[in-house]
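Undergrad: Once you've had a glance at the structure underneath, I'll fire off some questions.
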Amino acid sequence: MGTAPVGAAAPRRVDILGVPVDAVTAVGALARAQTLAAAAAPGRPALILTPNPEGIMRAQSDPELRAVLAAADLALADGVGVVWAARRLGRPLPARVPGIELMEALLAWAAAAGLAVYLLGARPEVIAAAARRAQDRYPGLRVAGFADGYFGARGEEAAVAAVAASGARLLLVGLGVPAQEWFLYRNRALLGEVRLAMGVGGSFDVLAGVTRRAPGPLRRLGLEWLWRLARQPWRWRRQLALPRFAWTVLRRGRAGGCHHP
């Protein structure tokens, strides 16, 4: 799947309340993803996940979810809360790496390398628009297929079969957390020629032009979450995990910090 870039050795891993997160920059994340893809084989694609405070808190009481998150070959600190937690626990991360930015970098790489991609998730009209805009934005990108995320438990086998039949090497899954993590974990060995699979959350909405990202200054200040909350007030329920996450991190920090798994 292309030549592995130089200097993309396995990054340092930081334990955030039992969930691993890799200490990488955006450039390092792309290089590592390319290296993982080059080393992957059919039936054993590399997994990229983006653990956030909500998912990390769910994992505290769900050992199975914790095992799923630990299975990531590359785990990104997508949210500012995870970066803050790492710093408070005494193992600072070099940067926040938004999942959408790695997704965009992977699409650009796939277009340049001639690698087919499959997009799975979001509403029917959104995923169709995302596929069109991806091809417009990244000339030469081969979209092997796309499908919405409303297949349910009964349609999961067919959805996986469609991915496998497509011959795609890169799979992007936007089913929300933790549904996309469970989907990738359960079906990892059934994805055909896929070498690299990534959970992308709501990134298809942005790619499709349905949702806008926060302006650059707000992103640099770590306030993208507040921008999303202001534009989508229904998201406030998801933010309820943040106070518990912060309190747990502060207690753990006083008890001696975190460690490397």
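Undergrad: Restricting attention to the stretch 145-163, and to residues there that are of a type in the set (A, V, I, L, M, F, W, C) and within 20 Å of the chain's Cα centre (by Cα), which single residue is nearest to Glu193 (Cα to Cα)?
TA: Val163
Undergrad: A follow-up question, please. Name the single residue that is nearest to Leu120 (Cα to Cα) among those in the stretch 169-194 being among the hydrophobic types (A, V, I, L, M, F, W, C) and over 18 Å from the mean Cα position of the chain (by Cα).
TA: Going through the qualifying residues, I end up with Leu190.
Undergrad: Here's a follow-up. Pick from the stretch 53-77 the residues that are in a loop (DSSP other than H, G, I, E, B) and crowded, with 24+ Cβ neighbours inside 10 Å: which of them is modelled with the lowest pLDDT?
TA: Here the residue is Ala77.
Undergrad: Quickly run through the stretch 98-119 and pick out the residues that are surrounded by 18 or more Cβ atoms within 10 Å (Cβ to Cβ), part of a loop (DSSP other than H, G, I, E, B) and modelled with pLDDT of 95 or more.
TA: Listed by number, the list holds a single entry, Leu115.
Undergrad: Still on this model: For the stretch 78-97, how many residues are assigned to a loop (DSSP other than H, G, I, E, B) and touching a strand residue (DSSP E or B) at 6+ places or on another chain (Cβ under 6 Å)?
TA: Total meeting the criteria: 1.
Undergrad: Quick one: what pairs do we get from the stretch 7-27, first residue without any contact (Cβ under 8 Å) to a residue 60 or more places away in the chain and surrounded by 15 or more Cβ atoms within 10 Å (Cβ to Cβ), second assigned to a strand (DSSP E or B) and of a type outside the set (Asp, Glu), C-beta under 7 Å, 6+ apart or different chains?
TA: Asp22/Arg13; Asp22/Leu74; Asp22/Ala75
The values are calculated or read from the model by the stated rules, or taken from the named source; none is laboratory data. Every value quoted in this text rests on a predicted model; they were computed, and no experiment measured them. Please note: Cβ atoms are built from the backbone with ideal geometry, for glycine as well, and neighbour counts cover all protein chains shown.
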